[in-house]
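The values are calculated or read from the model by the stated rules, or taken from the named source; none is laboratory data. Because the structure is predicted, anything quoted here is derived from the model rather than measured. Every residue, glycine as well, gets a Cβ built from its backbone with ideal geometry; the counts of neighbours run over all protein chains shown.
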Amino acid sequence: MVDLRRARLLKDGIAGPGPVVYWMSRDQRARDNWALLFAQERALQRKVPLVVAFSLSPSFLGATIRQYGFMIEGLKEVEEELAAKNISFQVMAGNPEKTIPAMISKLKAGLLVTDFDPLRIKREWKEKVRERISVPFWEVDAHNVVPCWVASHKQEFSARTFRPKIDRLLPEFKVEFPVLKKHPFSWERRASIPWERLSKSLRVDKSVSEVKWIKPGEKAAKRALNSFLERKLSSYQEVRNRSELDGQSHLSPYLHFGQLSAQRVVLEAEKADVPQVDREAFLEELIVRRELSDNYCFYNLYYDHFEGFPDWAKKTLNQHRSDAREYLYELEELEMGRTHDELWNSAQLEMVIRGKMHGFMRMYWAKKILEWTPSPEDALEVAIYLNDRYELDGRDPNGYTGIAWSIGGVHDRAWGSRPIFGKIRYMSYRGCARKFNVPSYIEKVRAWL
Ligand SMILES: Cc1cc2nc3c(=O)[nH]c(=O)nc-3n(C[C@H](O)[C@H](O)[C@H](O)COP(=O)(O)OP(=O)(O)OC[C@H]3O[C@@H](n4cnc5c(N)ncnc54)[C@H](O)[C@@H]3O)c2cc1C
């Protein structure tokens, strides 16, 4: 049974006679998916078929073909996996606020289930769907180990305040997943999904190329997880911040598109025979930091605006608004990686070419944008634009929160004051050179050009 604390009733209503519909959105996988499991439980109780619906928006928060391509390949695997479980998968072109209510009405659906996402656009979609349907509508947190609304009832100040809450609740939620059953009630067979036609319906920028070094989909995600556990987890603590080395898991694109469940990663990491210090360092990022990002975006609707920063950070940034900037760059110069700082340029190019900047470099990268643009608002806008345009894991609560941490002191504390930054934590080229081999990182990126 799915823990009912994972689910919230967004709307009560009168169930129709038709199938249970799971509107898949953030968690694009057939395995280890609490929203899908919840929908199946309801369908079995009602003795009706289960239909999974995905609404393919023609554009989404500036996503390019790089991100759409990765997502569509993953969805093709979802189709296969669901077919093997006798669950119908239907992909519709268009915005969900229209496609989902139309489908609910056409199928005379019993009820609607969807997965949780704290981002504004998803909440707006759900609100519109809610207004337009009359069947019960449930939302299930299938992304976090501890459901976001259970972990905390308010915006947390920092990891220090959030961690004890997570630690207390983890044993209750960190359980093995039930297996998705072969569904005993069939829905009418439909022709296979017209992927090519759907792809053509997209109105997305095709100038940002897809990347080949990382394969999309649930199977590739599982292979990436196993490889990380076998080869890299045992040195994670020491190597993860060394940008010249390859110490990170590269799981973020899979986690972002929900092709892999973070809870599955936790369960497998706990079985791995690795030093405790490495496991703990990894789980701190994967659970505490990641779920803290959802907490920030869920409880702070200004998560991508200056207004969302803590008061001390707004005050100090306001005091330093008119400080002289030694370097000021236009968006295009930043985008092309043409600044005076070769380290920063390398990080930017790593993101443009590979679609994934090293985690340590992301902090340095965003902080320099604050230093080299006219205002904190400009810095935020530029950082979010570049992050969401090029990163495979962009448009994620982790991205908005990571940028807000770097530029606006979110989840951080006040440091010694200095120009432009005020009391926001500063990072320097020399600081990076103390942490890792800068020339070697620059060389690594150059080899990809
Ligand atoms: C300016 C800035 C922008 C960022 N943009 C994004 C983004 O768009 N999408 C994104 O997923 N992450 C973002 N991050 C967070 C982090 O850098 C990435 O999650 C991480 O580098 C992804 O690589 P990985 O999966 O190989 O990480 P690993 O080091 O292997 O970590 C495993 C997982 O832990 C989580 N994690 C790791 N570091 C963080 C962190 N600082 N905050 C929250 N969760 C974390 C992620 O889910 C990650 O996949 C950003 C951070 C900053 C400072």
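Just a few scattered comments:
- Restricting attention to the stretch 193-226, the residues that are within 12 Å of the ligand (Cβ to nearest atom) and outside any loop (DSSP other than H, G, I, E, B) add up to 3.
- The stretch 242-259, residues that are near the ligand (Cβ under 9 Å from one of its atoms) and in contact (Cβ under 8 Å) with a residue 60 or more places away in the chain: Q248, H250, S252, P253, L255, H256
- Residue among S235, S261, S252, S227 that is among the polar types (S, T, N, Q) and closer than 22 Å to I353 by Cα: S252
- Being within 25 Å of L260 (Cβ to Cβ), more than 8 Å from the ligand (Cβ to nearest atom) and touching a residue at least 40 places away in the same chain (Cβ under 8 Å) is true of L392.
- Verdict on L61 being in contact (Cβ under 8 Å) with a residue 12 or more places away in the chain, surrounded by fewer than 18 Cβ atoms within 10 Å (Cβ to Cβ) and assigned by TED's automatic domain parsing to the domain that holds A109: yes
- First in the stretch 331-352 and under 15 Å from V438 (Cβ atoms), second anywhere and of a type in the set (D, E, K, R) and modelled with pLDDT of 95 or more, Cβ under 6 Å, 6 or more apart: W344/K368
- Answer residue from the stretch 351-360, given it is within 15 Å of A383 (Cα to Cα) and either among the polar types (S, T, N, Q) or surrounded by fewer than 23 Cβ atoms within 10 Å (Cβ to Cβ) (or both) and is nearest to the ligand (Cβ to nearest atom) among those: G359
- Which numbered condition A39 fails, given (1) surrounded by 20 or more Cβ atoms within 10 Å (Cβ to Cβ); (2) closer than 20 Å to V146 by Cβ: (2)
- Residue that is surrounded by the most Cβ atoms within 10 Å (Cβ to Cβ) [pool: residues in the stretch 365-388 that are within 11 Å of the ligand (Cβ to nearest atom) and of a type in the set (D, E, K, R)]: K368
- Odd one out for S207 among (1) surrounded by 15 or more Cβ atoms within 10 Å (Cβ to Cβ); (2) over 24 Å from V288 (Cβ atoms); (3) among the small types (G, A, S): (1)
- From the options M357, M363, M336, M351, residue that is closer than 30 Å to W448 by Cβ and touching a Ser or Thr at 6+ places or on another chain (Cβ under 7 Å): M363
- Filter pass, L267 being more than 9 Å from the ligand (Cβ to nearest atom), assigned to a helix (DSSP H, G or I), in contact (Cβ under 8 Å) with a residue 60 or more places away in the chain and under 26 Å from V175 (Cβ atoms): yes
- Scan of the stretch 64-104 for residues that are more than 17 Å from S201 (Cβ to Cβ) and of a type in the set (F, W, Y), ordered by number: F70, F89
- Filtered by the rule that a residue be surrounded by fewer than 23 Cβ atoms within 10 Å (Cβ to Cβ), closer than 25 Å to P374 by Cβ and either within 27 Å of the chain's Cα centre (by Cα) or among the aromatic types (F, W, Y) (or both), the stretch 422-443 gives R425, Y426, M427, Y429, C432.
Listed here are the residues, each with its yes/no results for (1) under 22 Å from the mean Cα position of the chain (by Cα); (2) modelled with pLDDT of 95 or more.
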residue: W195; (1), (2): no, yes
residue: K200; (1), (2): no, no
residue: V211; (1), (2): yes, yes
residue: R242; (1), (2): no, yes
residue: G247; (1), (2): yes, yes
residue: G258; (1), (2): yes, yes
residue: P275; (1), (2): no, yes
residue: R279; (1), (2): yes, yes
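- Count - residues of the stretch 154-191 that are exposed (fewer than 11 other Cβ atoms within 10 Å of the Cβ) and among the small types (G, A, S): 1
- Evaluated against (1) of a type in the set (G, A, S); (2) on the phi < 0 side of the Ramachandran plot; (3) within 14 Å of the ligand (Cβ to nearest atom), S417 falls short on exactly one condition, (3).
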